[in-house]
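J.: Dumping the structure here so I can ask a few things about it.
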2 protein chains.
Amino acid sequence: MSTHTPASLAACIDHTLLKPEAAAAQIDRLCDEAVQFGFASVCVNPVWVRRCAARLGAQQGRKSPVVCTVVGFPLGASEPSIKAAEAALAVEQGAIEVDMVVNLAAVLVGDRAAAAREIAGVVDAARRVREDALIKVILETRALTDEQIILGCRCAAEGQADFVKTSTGFHPNGGATVEHVALMRKHAAPIRVKASGGIRDLPTALAMLDAGADRLGMSAGVAVIQAMQNAGC
Amino acid sequence: MSTHTPASLAACIDHTLLKPEAAAAQIDRLCDEAVQFGFASVCVNPVWVRRCAARLGAQQGRKSPVVCTVVGFPLGASEPSIKAAEAALAVEQGAIEVDMVVNLAAVLVGDRAAAAREIAGVVDAARRVREDALIKVILETRALTDEQIILGCRCAAEGQADFVKTSTGFHPNGGATVEHVALMRKHAAPIRVKASGGIRDLPTALAMLDAGADRLGMSAGVAVIQAMQNAGC
């Protein structure tokens with residue numbers, strides 16, 4: 001059973017808005033909600049990184065949420081050097097966390113060397129700009145077998161990433177499952193696990209944490225925290 | 001009514017495979033089908049450009065299909081400089097056509113200057129590598145109003161692109177409509193129109209051409225051409 005409080009749950013959530021139609025006012029509200037509820041980060045598309053960094057940096061008081069962005073998103077089928085350049089630019093612009101999509105085709109054929117090399121390239125590019133940049137590797141687990149998920153975890157660890165992450169939230173097969181999170185938990189060590197995609201309510205969020213997720217990517221963070229507060233937790 | 005033959009229809013089709021799970025053998029088959037049927041291009045993700053350029057370049061005989069790839073795809077929410085770098089690299093690697101996704105947020109708020117500047121940046125970057133590089137601007141029309149589609153057409157023309165294109169095929173609202181193609185036809189001149197997303201059969205393909213499309217993006221090109229051949233056209 002979960003021992004989470006609203007505050008400890010909020011601290012696990014990347015407050016996420018990746019729809020390409022997102023408008024500036026929605027991005028600003030995302031930032032303000034992240035501060036209000038104490039989310040770990042706001043997770044936005046690269047074009048919004050500077051705006052979020054400015055808005056969150058301007059907040060006073062408690063520990064600010066950080067800016068998280070995405071790279072090679074959501075298909076992961078950009079060239080490695082472009083993913084690395086995109087990550088470096090995002091960190092220069094104020095992102096501290098970068099969620100990159102793995103080269104799915106490489107994982108599907110078991111090309112561990114290519115996948116790990118690409119991850120290492122993104123990690124290095126981001127950390128050259130900022131040593132404490134944190135890289136999450138999105139595997140798109142619903143497109144993979146268990147063996148391929150395990151391979152992806154090993155590539156992420158080998159590439160010195162900080163997290164493996166289940167899903168983009170854009171794949172037609174769907175997002176995180178408890179089983180995949182548990183599998184990643186088992187094989188990703190020493191790196192952490194982020195569950196994302198389709199986590200829309202409190203029971204699902206808590207189930208993902210119970211299965212071993214360290215971080216949750218969600219658009220419904222505010223509703224989930226409010227549900228927990230209303231339940232008197 | 002359409003006056004197309006199977007050969008003239010095939011010459012309008014970008015033979016497309018953009019799923020991130022695509023395997024090398026499928027990409028090779030896409031190339032071989034493009035040669036066999038005389039499609040205008042193969043449209044693939046950036047990681048496959050070199051492979052396609054090598055395979056198509058090796059074909060002898062009739063005019064080879066070219067390699068088309070995508071940039072900032074499918075969300076269009078990467079930074080302008082990253083889109084430009086991705087386009088330049090793709091052209092260096094052998095792509096001759098580049099389908100870029102517009103910054104949707106800019107079009108939605110009517111920021112014509114920003115949208116046109118970004119398009120011009122991609123066009124310039126690609127044409128610095130190869131003068132005859134051809135740039136298509138994907139508007140994601142199903143996320144836009146008619147006025148925003150018209151604005152997008154003007155930005156594409158202003159940015160010296162060669163085509164406006166309806167859709168990525170990945171947006172939940174859907175792909176091309178006959179109405180949107182006709183609207184773009186009316187407002188995009190002097191540049192051309194590509195219809196894409198959800199064009200899965202011969203009647204739909206012909207309807208898009210009748211509405212004013214110059215090019216079609218399709219995954220079902222082989223089935224459509226075979227249907228036309230079987231109908232004795």
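J.: For region B:1-119, what's the relative contact order in percent, using C-alpha pairs closer than 8 Å and at least 6 residues apart?
T.: Reported as a whole number, the value is 20 percent.
J.: When the Karplus curve 6.51 cos²θ - 1.76 cosθ + 1.60 is applied with θ = phi - 60°, which whole-Hz ³J(HN,Hα) does each residue of region B:31-46 get, with x for Gly and Pro?
T.: Running phi through 6.51 cos²θ - 1.76 cosθ + 1.60 with θ = phi - 60° gives 4, 5, 5, 4, 5, 4, 9, x, 5, 5, 7, 9, 10, 9, 5, x Hz.
J.: Hey, another quick one. At a 1.4 Å probe, what is the % contribution of carbon and sulfur to the accessible area of chain B?
T.: Heavy-atom surface of chain B belonging to carbon and sulfur, 1.4 Å probe: 50 percent.
J.: Right, something else. Put a label point 7 Å from Cα along the Cβ direction on B:D132, then list its distances to the equivalent points in the other copies in nm, shortest first.
T.: 5.4
J.: Can I ask one more? Find every distance from the label point of B:R29 to the corresponding label point in the other copies (7 Å from Cα along Cα→Cβ) and write them in nm, one decimal, shortest first.
T.: Here B:R29 shows inter-copy label distances of 4.6 nm.
J.: Shielding by partners for B:69-81, please: the mean number of other protein chain Cβ atoms within 10 Å of each residue's Cβ.
T.: Whole-number average of other-chain Cβ neighbours for B:69-81 is 6.
J.: About the Cα centre of the protein assembly as shown, how large is the charge dipole given +1 on each Lys and Arg Cβ and -1 on each Asp and Glu Cβ? Please answer in debye to the nearest 20.
T.: 200
J.: To continue, here is another question. From the cross-link list A:K186/B:K19; A:K136/B:K194; A:K83/B:K165; A:K165/B:K194; A:K136/B:K83; A:K165/B:K83, which pairs have alpha carbons spaced over 32 Å apart?
T.: From A:K186/B:K19; A:K136/B:K194; A:K83/B:K165; A:K165/B:K194; A:K136/B:K83; A:K165/B:K83, over 32 Å: A:K136/B:K194; A:K165/B:K194.
J.: Would you pull out the residues with amide H under 5 Å of A:T16's amide H, same chain only if 5 or more places away, H placed 1.01 Å from N?
T.: For A:T16, the qualifying residues are A:C43, A:M218, A:S219, A:G221.
J.: Report the accessible surface area buried between chains A and B, summing both sides, using a 1.4 Å probe on protein heavy atoms only, in Å² rounded to the nearest 100.
T.: Adding both sides of the contact gives about 2400 Å².
J.: So if I take the alpha carbon set of the protein assembly as shown, get Rg, then get Rh from the Kirkwood formula, what is the Rg over Rh ratio?
T.: That ratio is 0.99, to two decimals.
J.: Among the trypsin sites (Lys or Arg not before Pro) within region B:1-88, which fall in a DSSP loop and have no more than 15 other Cβ atoms within 10 Å of their own Cβ?
T.: B:R62, B:K63
J.: What does the charge add up to near B:I191, with Lys and Arg as +1, Asp and Glu as -1, over the other residues with Cβ less than 11 Å from its Cβ?
T.: Once all neighbours under 11 Å are counted, the net charge is +3.
J.: Average projected area of the Cα convex hull of region A:101-233, in nm²?
T.: The orientation-averaged projected area of the Cα hull of region A:101-233 comes to 8.2 nm².
J.: If you don't mind, another one. Just from its helices, what would the mean residue ellipticity at 222 nm be for chain B, if runs of 4 or more DSSP H residues each count -39500 (n - 2.57) and the sum is divided by every residue, rounded to the nearest 500 deg cm²/dmol?
T.: Rounded to the nearest 500, it is -14000 deg cm²/dmol.
J.: Work from the charge dipole of region B:185-233 (Cβ charges, +1 for Lys and Arg, -1 for Asp and Glu, about the Cα centre) and give the residue of B:G198, B:A188, B:A223 farthest towards its positive end.
T.: Of the listed residues, the answer is B:A188.
J.: What are the distances, in nm and sorted shortest first, from the label point of A:G198 to the label points of the same position in each other copy, with each label point placed 7 Å from Cα along the Cα-to-Cβ direction?
T.: 2.4
J.: Size of the dipole of chain B about the Cα centre, Lys and Arg at +1 and Asp and Glu at -1 on the beta carbon, nothing else charged, in debye to 20?
T.: 300
J.: Based on alpha-carbon centroids, what's the gap between region A:27-47 and region B:156-233 in Å, whole number please?
T.: 38
J.: Moving on. Which net charge results when you count Lys and Arg as +1 and Asp and Glu as -1 among the other residues whose beta-carbon is under 10 Å from that of B:D14?
T.: Taking every other residue near B:D14 into account, the sum is +2.
J.: Whole percent per 10 Å bin, from 0 to the bin with the longest distance: what is P(r) over all C-alpha pairs of region A:6-228?
T.: Final binned percentages: 9, 37, 38, 14, 1.
J.: Related question: Suppose a student asked you for the relative contact order of chain A, using Cα pairs under 8 Å spaced at least 6 residues apart; what percent would you report?
T.: So the answer I get is 18 percent.
J.: Once you list every other residue whose beta carbon is under 15 Å from the beta carbon of A:D124, what net charge do they have if Lys and Arg are +1 and Asp and Glu are -1?
T.: Overall, the nearby charge balance is -2.
J.: Taking chain B as a Gaussian network, where each spring joins two C-alpha atoms under 10 Å apart, which residue of B:A205, B:A40, B:A23 fluctuates the most?
T.: B:A23
J.: Please identify which residues in region A:63-99 have an amide N closer than 14 Å to a label point set 7 Å out from the Cα of A:V129, following the Cα→Cβ vector.
T.: A:67-72, A:82-99
J.: With point charges of +1 on the Cβ of Lys and Arg and -1 on the Cβ of Asp and Glu, referenced to the Cα centre of the protein assembly as shown, which listed residue (A:P46, A:I82, A:G232) lies farthest in the positive direction of the dipole?
T.: A:I82
J.: With a 10 Å radius around each residue's Cβ, average the other Cβ atoms per peptide and rank B:212-222, B:7-17, highest first.
T.: Highest mean packing first, the order is B:212-222, B:7-17.
J.: May I pose another question? Report the relative contact order of region A:119-202, percent, no decimals, based on alpha-carbon pairs under 8 angstrom and at least 6 residues apart.
T.: Across region A:119-202, relative contact order equals 31 percent.
J.: 7 Å from Cα along Cα→Cβ at both A:V178 and A:Q36: what's the point-to-point distance in nm?
T.: In this crude label model, A:V178 to A:Q36 measures out at 3.1 nm.
J.: Now, a different point. For B:D201 and B:E158, what is the calculated FRET efficiency with R₀ set at 41 Å and r taken between the beta-carbons, to the nearest 0.05?
T.: 0.70
The values are calculated or read from the model by the stated rules, or taken from the named source; none is laboratory data. Not measured: the values here are computed from a predicted model. So basically every Cβ, Gly included, is an ideal-geometry build from the backbone, and we count neighbours across all protein chains shown. Each accessible area value is taken on the protein alone, full model and side chains, heavy atoms only, with ligands, DNA and RNA left out. Shrake-Rupley method; radii C 1.70, N 1.55, O 1.52, S 1.80 Å.
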